[in-house]
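Novice: Quick one: the structure is below, questions incoming.
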Amino acid sequence: MIRSLLLFAVVIVSFMVKAEAETLTILHTNDLHARIEPVNQYNNICTDEGNTGSVCFGGYARLAAAVQTEREKSGHSILVDGGDQFQGSLMFTHYQGQALVGMMNRVRYDGMTVGNHEFDLGPQALRRFIQQAEFPVLLSNVDISEEPLLNDILKPSAVIEKNGYRYGLIGLAPVNTVELSSPGPNTTFTDPVRAISREISNLTSQGIDRVILLSHSGYDVDQHIAASVDGIDVIVGGHTNTFLSNQDDEQSEGPYPTWVKSPNGTAVAIVQAYAYGKYLGRLDVTFDDRGRIISAMGNPILLDGRITQNQKIRNKIAELAKPLNELRNQVISKAVNPIDGIRTNCQIRECKIGNLVADAMLAQMKSQGYDIAITNAGGLRSSIDQGEITMGEVLAVYPFQNRLSSFELTGADILASLESGVSLVEKESGRFPQVSGLRFRYSRMADNDSAKVYDVEVDQGNQ
């Protein structure tokens with residue numbers, strides 16, 4: 001199964017000429033997961049009717065309009081992405097990243113970090129994406145010297161010039177990327193803290209002293225990194241779909257920005273803008289003439305029906321959708337009630353969409369004598385609304401094109417599998433087992449990273 005991983009990028013900002021205090025507007029997205037079209041409350045594709053009201057959000061046509069408005073307001077801005085543009089919709093399954101890079105070019109991104117899902121289709125698909133990107137796509141804590149598809153194109157850092165200022169960008173990824181995605185056998189990941197420190201040193205030697213870390217590492221890890229490395233000013237986060245806000249329009253998991261002190265006592269501002277393109281983050285950061293933060297303030301902007309979509313991009317999206325509509329509009333069933341697939345539910349406990357998927361797996365194999373089915377919660381990506389169920393909704397729930405595999409296992413094997421699944425549950429790692437044909441209990445150990453499974457029962461009918 002494909003997992004979310006720890007990935008970051010760093011944007012380092014420096015004046016070409018030392019000047020008075022300067023305010024930079026950082027516009028940011030993360031974890032769009034190929035939601036090129038607007039989504040509803042369940043993160044599935046919206047209907048045309050819903051797009052005119054308050055029940056649909058995001059989509060690249062609406063994002064483009066919002067970015068343009070905020071650029072005009074600020075005068076001095078950058079637009080960056082915290083990774084995981086790849087994977088999660090039929091658009092991605094069909095176009096394999098090519099539609100995404102076209103949209104990002106149209107909106108004029110200034111840079112992005114490679115997220116874990118950018119490796120889902122291996123080095124070849126990532127290479128095609130980078131070749132077509134009109135902005136830097138970066139990764140520094142990786143040894144790709146033996147990977148011919150990436151070693152000439154995936155760079156550790158870049159310096160761009162804009163509005164009379166220089167911006168350095170650095171990309172970071174976690175050491176366990178190989179376990180969580182498909183980067184190929186010739187790619188080795190190294191320590192992120194060392195990589196961040198090395199690239200900060202390299203860019204500082206060029207006179208660049210303002211640092212923004214684009215982190216696909218998750219909110220908790222972002223705070224750890226901020227407290228461990230000197231030289232970072234802002235962390236633009238991703239990976240955990242964390243909503244940070246100073247407003248009450250949706251439950252916030254922390255203030256925007258969240259402040260953490262670095263080892264030398266400098267304050268680091270951390271932001272993240274949920275996921276699926278529902279929000280555009282906007283952070284206004286003022287630096288003094290020595291590159292130190294004077295202030296940082298802002299909030300995520302809700303991209304709902306009040307924002308008029310960019311018509312040219314909307315027309316392009318409609319063109320891309322034409323070959324897909326027949327498949328995804330096919331009605332295959334009906335839901336009497338909504339089927340919960342909320343990520344924060346399914347990754348820590350039994351959930352309705354997990355039960356449905358596991359039951360469907362077992363139903364497919366039951367006639368061949370199989371007794372149980374297990375799927376990891378990290379592979380479940382959406383809820384299903386009440387009413388007609390379309391093929392498009394099913395593909396949004398389970399987008400990874402994984403194949404159903406069958407095994408003969410001992411009781412000890414099953415126990416080990418379940419205990420692995422419920423370990424790290426507090427970190428929402430995606431391991432949590434959604435099951436059919438069995439039930440079990442578990443308790444977390446004192447370290448919260450491991451668990452003990454007990455009372456495992458297999459349903460064998462009347463036996």
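The values are calculated or read from the model by the stated rules, or taken from the named source; none is laboratory data. Nothing here was measured: the structure is a model prediction, and the numbers come from that model. Ideal geometry is used to build each Cβ from the backbone, glycine not excepted, and the neighbour counts take in all protein chains shown.
Novice: Just for region 197-235: of the residues that are of a type in the set (Gly, Ala, Ser) and surrounded by 17 or more Cβ atoms within 10 Å (Cβ to Cβ), which one is modelled with the highest pLDDT? Steps first, answer last, please.
Specialist: Applying the first criterion (of a type in the set (Gly, Ala, Ser)) to region 197-235 yields 197, 201, 205, 207, 215, 217-218, 226-228, 231.
Okay, now just the ones that are also surrounded by 17 or more Cβ atoms within 10 Å (Cβ to Cβ), so 215, 217-218, 226, 231.
On the way: Ser215: 89, Ser217: 86, Gly218: 87, Ala226: 94, Gly231: 88.
Among those residues, the one meeting the criterion is Ala226.
Novice: Restricting attention to region 371-381, which residues are out of contact with any Ser or Thr (no Cβ under 6 Å at 6 or more places or on another chain) and either modelled with pLDDT of 90 or more or assigned to a strand (DSSP E or B) (or both)?
Specialist: Step one: filter region 371-381 for residues out of contact with any Ser or Thr (no Cβ under 6 Å at 6 or more places or on another chain), giving 371-372, 374-381.
Within region 371-381, Asp371, Ile372, Ile374, Thr375, Asn376, Ala377, Leu380 qualify.
Novice: Name the residue, out of Asn264, Asn246, Asn241, Asn186, that is at pLDDT 90 or above and within 30 Å of Glu161 (Cβ to Cβ). First the steps, then the outcome.
Specialist: Details: Asn246 fails: within 30 Å of Glu161 (Cβ to Cβ); Asn241 fails: within 30 Å of Glu161 (Cβ to Cβ); Asn186 fails: within 30 Å of Glu161 (Cβ to Cβ).
On inspection, the qualifying residue turns out to be Asn264.
Novice: So, one more: Go through region 236-251 and count every residue that is farther than 15 Å from Asp31 by Cα and surrounded by 16 or more Cβ atoms within 10 Å (Cβ to Cβ).
Specialist: First pass over region 236-251, keeping only residues farther than 15 Å from Asp31 by Cα: 245-251.
Next, only the ones that are surrounded by 16 or more Cβ atoms within 10 Å (Cβ to Cβ) stay: 245.
So the count comes out to 1.
Novice: Being assigned by TED's automatic domain parsing to the domain that holds Arg127, within 17 Å of Ser157 (Cα to Cα) and assigned to a helix (DSSP H, G or I): is that true of Ser201 here?
Specialist: Details: assigned by TED's automatic domain parsing to the domain that holds Arg127: yes; within 17 Å of Ser157 (Cα to Cα): yes; assigned to a helix (DSSP H, G or I): yes.
Criteria met by Ser201.
Novice: Now, a different point. State which residue is surrounded by the fewest Cβ atoms within 10 Å (Cβ to Cβ) when the search covers only region 154-184 and only residues that are among the polar types (S, T, N, Q), touching a helix residue (DSSP H, G or I) at 6+ places or on another chain (Cβ under 8 Å) and outside any helix (DSSP H, G or I).
Specialist: Of the residues in region 154-184, the ones among the polar types (S, T, N, Q) are 157, 163, 176-177, 181-182.
Still in the list and also touching a helix residue (DSSP H, G or I) at 6+ places or on another chain (Cβ under 8 Å): 157, 177, 181-182.
If we keep only those that are outside any helix (DSSP H, G or I) too, we end up with 157, 181-182.
On the way: Ser157: 24, Ser181: 26, Ser182: 17.
Among residues in region 154-184 that are among the polar types (S, T, N, Q), touching a helix residue (DSSP H, G or I) at 6+ places or on another chain (Cβ under 8 Å) and outside any helix (DSSP H, G or I), the one surrounded by the fewest Cβ atoms within 10 Å (Cβ to Cβ) is Ser182.
Novice: Going through Ser436, Ser405, Ser423 one at a time, which residue ends up being within 25 Å of the chain's Cα centre (by Cα) and modelled with pLDDT of 85 or more? Before you say what the answer is, go through the steps one by one.
Specialist: Numbers: Ser436 fails: within 25 Å of the chain's Cα centre (by Cα); Ser405 fails: within 25 Å of the chain's Cα centre (by Cα).
Result: Ser423 is the single residue among Ser436, Ser405, Ser423 that is within 25 Å of the chain's Cα centre (by Cα) and modelled with pLDDT of 85 or more.
Novice: Additional query: Among Gly231, Gly184, Gly207, which is the only one that is over 23 Å from the mean Cα position of the chain (by Cα) and either over 22 Å from Leu27 (Cα atoms) or not assigned by TED's automatic domain parsing to the domain that holds Asp31 (or both)?
Specialist: Working: Gly231 fails: either over 22 Å from Leu27 (Cα atoms) or not assigned by TED's automatic domain parsing to the domain that holds Asp31 (or both); Gly184 fails: over 23 Å from the mean Cα position of the chain (by Cα).
Of the residues listed, the single one that is over 23 Å from the mean Cα position of the chain (by Cα) and either over 22 Å from Leu27 (Cα atoms) or not assigned by TED's automatic domain parsing to the domain that holds Asp31 (or both) is Gly207.
Novice: Please go through region 218-237 and give me each residue that is not in a helix (DSSP H, G or I) and not hydrophobic (A, V, I, L, M, F, W, C), ordered by number.
Specialist: At the first step, the residues of region 218-237 found to be not in a helix (DSSP H, G or I) are 218, 229-237.
Gly218, Asp230, Gly231, Asp233, Gly237, listed by residue number.
Novice: Taking interchain pairs and intrachain pairs at least six residues apart, which have beta carbon atoms under 7 angstrom, with the first residue in region 411-433 and under 12 Å from Ile372 (Cβ atoms) and in a loop (DSSP other than H, G, I, E, B) and the second modelled with pLDDT under 90 and of a type in the set (Lys, Arg)?
Specialist: From region 411-433, no pairs qualify.
Novice: Report yes if Ala396 is closer than 17 Å to Glu457 by Cα and under 30 Å from the mean Cα position of the chain (by Cα), otherwise no. Step through it out loud before you land on a result.
Specialist: Numbers: closer than 17 Å to Glu457 by Cα: no; under 30 Å from the mean Cα position of the chain (by Cα): yes.
Taking the combined requirement at face value, the residue does not satisfy it.
Novice: Can you report the number of residues in region 210-227 which are farther than 15 Å from Val80 by Cα and under 23 Å from the mean Cα position of the chain (by Cα)?
Specialist: Residues of region 210-227 farther than 15 Å from Val80 by Cα: 210, 217-227.
So of that shortlist, the ones also under 23 Å from the mean Cα position of the chain (by Cα) come out as 217-227.
Final tally of qualifying residues: 11.
Novice: Condition first: touching an Asp or Glu at 6+ places or on another chain (Cβ under 8 Å), assigned by TED's automatic domain parsing to the domain that holds His117 and either in a helix (DSSP H, G or I) or not acidic (Asp, Glu) (or both). Can you find one or more residues in region 146-153 that meet it? Steps first, please.
Specialist: Restricting attention to region 146-153, the residues satisfying the condition of being touching an Asp or Glu at 6+ places or on another chain (Cβ under 8 Å) are none.
Within region 146-153, none of the residues are touching an Asp or Glu at 6+ places or on another chain (Cβ under 8 Å), assigned by TED's automatic domain parsing to the domain that holds His117 and either in a helix (DSSP H, G or I) or not acidic (Asp, Glu) (or both).
Novice: In region 238-258, which residues are outside any loop (DSSP other than H, G, I, E, B) and under 26 Å from Arg290 (Cβ atoms)? Explain how you work it out, then say what you get.
Specialist: Restricting attention to region 238-258, the residues satisfying the condition of being outside any loop (DSSP other than H, G, I, E, B) are 243, 258.
Within region 238-258, just Thr258 meets the criteria.
Novice: Considering only residues of region 110-125 that are in contact with a Leu (Cβ under 7 Å, 6 or more places away or on another chain) and not in a strand (DSSP E or B), which is farthest from Thr177 (Cα to Cα)?
Specialist: Asp110
Novice: Go over the candidates Asn337, Asn325 one by one and state the one that is in a loop (DSSP other than H, G, I, E, B), farther than 30 Å from Ser74 by Cα and modelled with pLDDT of 90 or more. Don't jump to the end; show me each part of the working.
Specialist: On the way: Asn325 fails: in a loop (DSSP other than H, G, I, E, B).
From the options Asn337, Asn325, the qualifying one is Asn337.
Novice: How many of the residues making up region 241-269 are of a type outside the set (Asp, Glu) and either farther than 23 Å from Ile78 by Cβ or touching a Leu at 6+ places or on another chain (Cβ under 9 Å) (or both)? Explain how you work it out, then say what you get.
Specialist: If we filter region 241-269 for residues that are of a type outside the set (Asp, Glu), which is where we start, we get 241-247, 251-252, 254-269.
Retained after the next criterion (residues that are either farther than 23 Å from Ile78 by Cβ or touching a Leu at 6+ places or on another chain (Cβ under 9 Å) (or both)): 247, 251-252, 254-258, 261, 263-265, 268-269.
Qualifying residue count, region 241-269: 14.
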